[in-house]
Every structure is written in C-alpha cells, then in structure tokens.
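Only the coordinates and a few stated rules stand behind these numbers; no lab work does. Predicted model, so just to flag it, every value in this text is computed and none were measured. Neighbour counts run over all protein chains shown; Cβ positions are idealised from the backbone, glycine included.
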C-alpha cells in the first residue's frame, strides 16, 4: 500500500489515497462514523500500526489501535485515565484524548498521549494500556501551569521526543505554555522565555502562554518552531529564548495561526497558515483570502503561497493537527478545513488543488506511507 | 440476551452507542447487588464498556443517564434488585 492521508473529523475517520500521478485522490471511509476523531498517527517504527484518538458525544474518550494499516481497529484495554483522586484532591477525568505521539525509535512499543484536561500519558505496550506520567500529572505546579483552557477545553498537545534521547521530551499546553523534561517525564520546567502572552498581565510570565503547535525538526532536533497564539517563533537549543520569526510576515497578515509544519529534511523550511486573530478572534482566513506562507531561511523571510486557493470570499479555519507534509523531495503540503475540505499543495505548496470536499469538520490531517 | 442470567442477575438495557460492545444486543444480563457491581460485571463480560459511561473518578459521564427501573441513579452505590432492569440512556443534543 502506498501513501495515505488520514483525516480525523468530528464525525469519523477518512483516508485519502492518490493515484500514481497524484491527480486524483480516492476517498475511503468513513470508519467510526459519528465518532469524534482528534488524531490518527502512524507508527514510524512499525508502519502497519496506527493509533487513533476517539470519543463520541455521549461516551468517554478512548484509543483505537490498528495493526493492519487501518483496515481494522481494536480498542485499548486501558485508555488514558488519571489516577484516582485522594480525599480533598481535585478529581481529574480525561474528557478527550487529543494528541498521540510515537515514542523514541529505541523504545519500540512506547507511545505518548496528551489529553484534555491537560494530562500526559504513556503506553509501554504499543497503545494497549496507558498509564499517567506522574511526573507531569502530579507535578505540584501542574494546576498552575494548566490553569485555564481554550473555549474547547484545555489541551496538552505537541508531545515531542528528541530523536537523540528518549528521555528528552517537550510538551505544549493550550493554555499553559511549552514545558521540557530531561529525565523521561519525571521533572518538568517551563520553556517560554521570549514568547509573547499579550493576554497575561505579566508580559514576562514564565508560563501561561498559549502555544498552538510546536514542532521539532527530525534531522536537526535542536531546531524548534512554534506557532503560538501570539506569534511564530523559533528556538535553537540549547538556547532558552524563543525568537519571534513572525515579525518577518507581512504586517497585514500578521503571525497568528494554529498549525506549523516543517520540511522533512530541510530545517530552514516551514509552513504556516495565518488566520485572523483580531478583535474577537474569527480564526478564519485573513480578509477571506486563504494562503499558506513558507519560509526557506528559518523565518527570516516568508513567501505567500496561494495559487489555486480561492482568491476571495473563503473564510477557512485550519486547526493545529490539520496540516502536514508528505516525504517527497519537494514535499507536498496538505491541510484540512473545519468546512470539510482537504487541499493539497504540490511542490511545497506552489500550486494548490482541492482533493476532497463535503467531509465533516476536520480535526486532523496526517500522512502515512 | 447473550449472557446467562443467574439468581442475582438483573437486566441491563444498552443504548445504541454502546451496542458495539455487546455484539449488537440491546438487552443483556449482569450480576450485582449494587450498580457498581452490575457495571463491574458488565465490564467483565464486555471489556471497555464501563469507562465509556463512568469516568476514572467513578462519576457518571455528563451525557449518560442511568436508571434502575424508573429511578434515576446518581450514585453507583445504589442497590439493584434481582430481576430489576438497569437502563443506560445516552442523552445528546446539538449537531
């Protein structure tokens, strides 16, 4: 089987597969029609394996696992759940499994999950049984770090595992900030210096920021990019201060958005999808004119990529998990909208075409091969 | 019914969103003197079904309602009599 775009929606899971010339994409599904699918992620260590984060409007959150590239799925025996609250403690209950990340290449059965409310969970058996990462979930600062959430709830997302070191982890919390662990999740520290938090009374707060999406370059793991509620940032470790690279975006466009994705090989290249963050935060395409912006110099400059996208009267919203690249030399870029469209941008987004429409509200678009 | 009733068995009526766990059955048997015991037995017979209804702090999920006969139940310690019927209701509104 070749390439697949997995599309997680508010009403089920879909798959898109291209023909040899990538002109036509065949839609398969829905699977789990009516289920809320937040994330579908392939295991790069075992490509037949996929995990899916799901719930329904009535039922509690869970994880499904496929060992045959998504043909069939089986529910986890023990989905992510917080430990039982002691007398007098605030009782936390997982409302959504929001994010899935495969563990380090050396830990073949390890997976991480991020939830709402903000919780971090680990599976050591390929996603069958999940345990809380106590170092974060029981951290004495957790309640302050994750003090409030988005209108759709607080989310722990963008779980990153350093490809050089399985104990080096990053997570992001909306709202709360970016946090880093150097010891496999036992201890955590905020990593938000340099990030704006215009909504906070203290502009230099150590946490309380709203990272929308955090990515680490797989071949240059010291390079991090972040699309934040307040701008686009870059961080080159071991430095601790984020640089706002969104200031190089056109002033009329600004640097607000949900997703950010990196080129699979070139750490200088990244794509964002700006949205309207003015007044009441419409979170739609700016002026009804959708565009992707690409940097090829680490954020020093950005180029608008809108050929083939609607030229006007198109108010698209693209959520943080709903943009990805493939792994071609000149990667295709893909995004899904809350209006149920998936767009493909060939050759790094130089030319866009609509590959499917009329799907339910899209939460995630992920690439599998 | 796809499970054999015993002397302590009650009947559990399963709402359609949960029937993927019961092989499509709308009515199943479960043992237990309290709702907690009935749900534990139900989960033994149909693994995973309880967590979709009851969270990890033993709270009934917001869009689930449980009745014993016609009594709405808020606590899992509620007694369930033999031959009584537990109703699992899924209440959802909006799109």
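Over all distinct Cα pairs, what is the inverse of the mean 1/r for segment A:127-242, reported as the Kirkwood hydrodynamic radius in Å? Display every interim value, and only then the final one.
Working: mean 1/r = 0.0694 Å⁻¹.
Result for segment A:127-242, one decimal place: 14.4 Å.
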**Item:** Packing-based exposure ordering (other Cβ within 10 Å, fewest first) of A:156, A:33
**Value:** A:33, A:156
**Message:** Give me the tail of P(r) for the protein assembly as shown as a percent: Cα-Cα pairs with distance above 28 Å.
**Reply:** 52 percent
**Item:** chain A: most fluctuating residue of A:84, A:241, A:304 per GNM, C-alpha cutoff 10 Å
**Value:** A:84
**Prompt:** In vacuo Debye scattering of segment A:270-341, one point per C-alpha: log10 I(q)/I(0) at q = 0.11, 0.23 Å⁻¹?
**Reply:** -0.28, -1.16
**Message:** Averaged across A:58-69, how many Cβ atoms of other chains sit within 10 Å of each residue's Cβ atom?
**Reply:** 4
**Asked** Highest GNM mean-square fluctuation, chain A, Cα pairs closer than 10 Å: which of A:114, A:29, A:176?
**Response** A:29
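Show that you can apply the helix-only estimate: for chain B, add -39,500 (n - 2.57) for every DSSP H stretch of four or more residues, divide by all residues, and state [θ] at 222 nm to the nearest 500.
Only helices count here, giving -4500 deg cm²/dmol.
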**Item:** Ranking of A:187, A:128 by count of other Cβ atoms within 10 Å, fewest first
**Value:** A:187, A:128
**Request:** Shielding by partners for B:48-61, please: the mean number of other protein chain Cβ atoms within 10 Å of each residue's Cβ.
**Result:** 6
**Message:** Could you compute how fast segment A:32-154 diffuses translationally, taking Rh as the Kirkwood radius over C-alpha pairs and applying Stokes-Einstein at 37 °C with viscosity 0.692 mPa s? Give it in µm² per second.
**Reply:** 220 µm²/s
**Prompt:** What shape does segment A:1-67 take by its C-alpha gyration tensor, where a ≥ b ≥ c are the square roots of the eigenvalues and a/c under 1.5 counts as rounded, a/b above b/c as prolate, and the rest as oblate?
**Reply:** oblate
**Message:** What distance in nm lies between label points placed 7 Å from Cα along the C-beta direction at residue A:17 and residue A:71?
**Reply:** 1.0 nm
**Asked** Which whole number gives the average count of other chain Cβ atoms within 10 Å of the Cβ atoms across peptide B:62-71?
**Response** 1
**Asked** In nm, what is the difference between 0.36 nm times the number of residues separating residue A:45 and residue A:150 and their Cα-Cα distance?
**Response** 34.5 nm
**Fill in**
Quick calc, residue A:182 & residue B:57: beta-carbon distance into FRET formula, R0 41 Å, rounding 0.05, result 0.85
**Calculated [θ] (222 nm, deg cm²/dmol) that DSSP helices of n ≥ 4 give over chain A, each run adding -39,500 (n - 2.57)** = -500 deg cm²/dmol
**Request:** Take chain A, connect every pair of alpha-carbon atoms lying under 10 Å apart with a spring to form a Gaussian network, then pick out the residue of A:300, A:22, A:328 with the largest mean-square fluctuation.
**Result:** A:22
**Request:** Would you kindly calculate the mean projected area, averaged across all directions, of the convex hull enclosing the Cα atoms of segment A:223-364, in square nanometres?
**Result:** 8.3 nm²
**Message:** If you consider only alpha-carbon coordinates, what radius of gyration and Dmax does segment B:9-90 have, in Å?
**Reply:** 11.1, 28
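Could you compute the FRET efficiency for residue A:204 and residue A:165, with r as their C-beta to C-beta distance and R0 at 25 Å, rounded to 0.05?
0.25
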